[in-house]
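Where a number appears in this text, it was derived from the coordinates with a stated rule and is not lab data. Here the structure is a predicted model, which means the values were calculated and not measured. Here Cβ is always computed from backbone atoms with ideal geometry, including for glycine, and neighbour counts include all displayed protein chains.
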Amino acid sequence: EVTYNTIIHGFCLAGKMEDALSLLDKMEANGCYPNITTYTTLIDGFAKSRDLVGASEIWNEMISVGCRPNVVAYTCMIDAFCSNSMFNQAYDLLGTMERDKCSPNTVTFNVFIKGLCAKGRLDWAMELFDEMEKHGCTPNVTTYNEMLDGLFKVGNNRNAFELVTAMEQRGIKFNLVTYNTIIHGLCTCDKLEEALKLVGRMVIEGIKPDRFTFNTLIHSYSKQGKVESATRLLESMSKVGSHADIVAYTSLICGITEQNDLEAASVYIHRMISEGIFPN
RNA sequence: AUCGACAACCUUAG
């Protein structure tokens, strides 16, 4: 079963849900019984493909063969509802979990909060954020990162920075994503100097800026017309082990093009191609 | 009172 599960997981990651399903059929035909992991893998795959019908079909099959959903299965199904913006159904399922003596955990709430944040439903996300403690689920750094990102993206920088302060007070260690999220938030409101200060701070903390960090800054510099700085950043990436990728080049080239410097733009297009990165 | 191996959450351009 593990072998089947692993391959099914591979198909799900590739978004090839038809192949995943035919493998499920095959495993059943060969006398292998799908287990809870098989079902959660498939439900998660459908959730990520935003295919609620597919997810529900697996869910129903799981129930009909007498396989009891566990916390992962419920969480994946909540994810499926959330990716379809069906938050009321997701919330109902959260209630079902409690009744089913299958308590949600921090990941369950994180999935729900992520879905709400993705749709700008920060009001509801903040409620859940408060509510999860009452369910015995402590927000972790991922929870905070999701909330921060959501708050910045709806332009609620004030609450975002309050949350940053709260994290510091509660001793939540910032990770790479935390820094990248805040840096992105600062860049979005053109506070590039503040963003650079944070880069300095993360380095001091021993956290290496990655391509998300660089790309965010390159985009921001390009947008502000500071193409030289953007270029310098892109050039420096390889020195710290992050290879410039399609996002870095696209951001820089957009900036250069804004300046009507088409020759420079074509230089970078050729360079990215020579590095095996093809413009899309 | 679990041999081991498989499943769920966060950040970047367009």
Note to self: Run the simple label-point estimate for A:Ser238 and A:Asn260 please: 7 Å along Cα→C-beta, distance reported in nm.
What the structure shows: 3.2
Next item on the list: Find how much the distance from A:Phe161 to A:Val141 grows on full extension, using 0.36 nm per residue of separation minus their present alpha carbon separation; answer in nm with one decimal.
Entry: 5.7 nm
Checklist line | Filter on A:Lys26/A:Lys101; A:Lys16/A:Lys119; A:Lys153/A:Lys223; A:Lys114/A:Lys173; A:Lys114/A:Lys134; A:Lys114/A:Lys153 - keep pairs with C-alpha separation over 24 Å | finding: A:Lys26/A:Lys101; A:Lys16/A:Lys119
Notebook entry, point to check: Based on the Kirkwood radius over alpha-carbon pairs, what is the Stokes-Einstein translational diffusion coefficient of chain A at 25 °C with 0.890 mPa s viscosity, in µm²/s?
Noted result: 115
Next item on the list: Tell me what chain A gives for mean residue ellipticity at 222 nm when only DSSP H runs of n ≥ 4 count, each as -39,500 (n - 2.57), the sum divided by the residue total, rounded to 500 deg cm²/dmol.
Entry: -23000 deg cm²/dmol
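What range in chain A is the longest one free of trypsin sites (Lys or Arg not before Pro) that are in a loop by DSSP and have at most 16 other Cβ atoms within 10 angstrom? Working shown, then result.
Numbers: sites that count: A:Lys16, A:Arg50, A:Lys101, A:Lys119, A:Arg170, A:Lys173, A:Lys191, A:Lys226.
It runs A:227-280.
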Check: Looking only at Cα atoms, what is the convex hull volume of the stretch A:97-202 per residue, in Å³?
Finding: 93
Notebook entry, point to check: A:Lys226: net charge of surrounding residues, Cβ under 13 Å, Lys/Arg +1, Asp/Glu -1, itself excluded?
Noted result: -2
